[in-house]
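Remarks on the structure that follows.
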Amino acid sequence: MPIARLTWQIAALAAALVGCDARTEPRAGAVAAPATGVRIVSLSPALTHASQALGAGDAVVGRTPWCQAGQAVVVGNLED
């Protein structure tokens with residue numbers, strides 16, 4: 001039985017490595033996010049927190065009453 005398990009593990013590793021590719025150019029049809037002028041309206045405190053954790057906290061311009069986003073305007077929530 002251990003040989004079958006090892007075979008599956010090797011197959012899974014090979015499949016994962018086949019999907020990896022070192023590209024220096026974006027794929028054809030890939031859409032790049034603009035570096036400036038990005039504005040985020042977050043209707044979920046979890047998404048607001050995630051955007052802050054990813055370094056886009058300054059781009060949050062709208063939020064719910066429960067979000068901790070500094071100077072962002074309260075635009076409502078999903079219940080209204």
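The values are calculated or read from the model by the stated rules, or taken from the named source; none is laboratory data. Quantities reported herein were computed from a predicted structural model and do not represent experimental measurements. As a convention, Cβ positions derive from the backbone with ideal geometry for all residues, glycine included, and neighbour counts pool all protein chains shown. Surface accessibility is based on the protein's heavy atoms, side chains included, excluding ligands, DNA and RNA. Shrake-Rupley method; radii C 1.70, N 1.55, O 1.52, S 1.80 Å.
Residue by residue, here is whether (1) surrounded by 10 or more Cβ atoms within 10 Å (Cβ to Cβ); (2) assigned to a strand (DSSP E or B); (3) modelled with pLDDT under 85 holds:
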position	(1), (2), (3)
LEU13	yes, no, yes
LEU17	no, no, yes
ALA22	no, no, yes
GLU25	no, no, yes
GLY29	no, no, yes
ALA32	no, no, yes
GLY37	no, no, yes
LEU43	yes, no, no
ALA50	yes, no, no
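Number of residues in the stretch 52-80 that are touching a helix residue (DSSP H, G or I) at 6+ places or on another chain (Cβ under 6 Å) and open to solvent by 70 Å² or more (accessible area, probe 1.4 Å): the value is 1. Pairs linking a residue in the stretch 2-26 that is of a type outside the set (Phe, Trp, Tyr) to a residue that is surrounded by 10 or more Cβ atoms within 10 Å (Cβ to Cβ) and modelled with pLDDT of 75 or more, with Cβ atoms under 7 Å and 6 or more positions apart or on different chains, do not occur.
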